[in-house]
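First up is the structure itself, then whatever we jot down about it.
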Amino acid sequence: MMMRYLWTLERNGREPRGGLDTVDVLLEVLADESLPGVMPPDWIIATLQMDEDDEGVAVHSSPLGWRLRVKQMA
């Protein structure tokens with residue numbers, strides 16, 4: 001069984017975007033979004049996986065106007 005992640009991407013001035021996808025799909029989405037900042041999408045995901053709270057939720061808020069929320073699903 002492939003692990004899937006429930007995710008939401010919020011960007012200033014745009015409608016939120018979200019889904020329930022594998023890490024590979026989420027990486028493609030983030031690469032397509034061309035989010036401003038210095039961290040490549042694979043680093044963002046690795047950091048989020050390490051920063052999960054007790055409920056399995058991780059949030060990355062960029063000072064450059066976007067926020068990604070990710071929850072690992074069984």
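The values are calculated or read from the model by the stated rules, or taken from the named source; none is laboratory data. Given the structure is predicted, the values throughout are model-derived calculations rather than measurements. Cβ coordinates were reconstructed from backbone atoms using ideal geometry, including for glycine residues, and neighbour counts include every protein chain displayed. With ligands, DNA and RNA removed, areas are computed over all heavy atoms of the protein, side chains included. Shrake-Rupley method; radii C 1.70, N 1.55, O 1.52, S 1.80 Å.
In table form, for the structure just shown:
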quantity: 0 to 90° range, to nearest 10: angle between helix 41-50 axis and the chain longest Cα axis; calculated: 50 degrees
quantity: Contour minus Cα-Cα distance for residue 12 and residue 33 (0.36 nm per residue); calculated: 6.3 nm
quantity: Nearest-ten-degree value, helix 23-33 long axis tilted from longest Cα axis of the chain; calculated: 10 degrees
quantity: Distance (nanometres) between label positions extended 7 Å along Cα→Cβ at residue 25 and residue 3; calculated: 1.7 nm
quantity: Carbon/sulfur fraction of accessible area - the chain, other protein chains in place, 1.4 Å, %; calculated: 51 percent
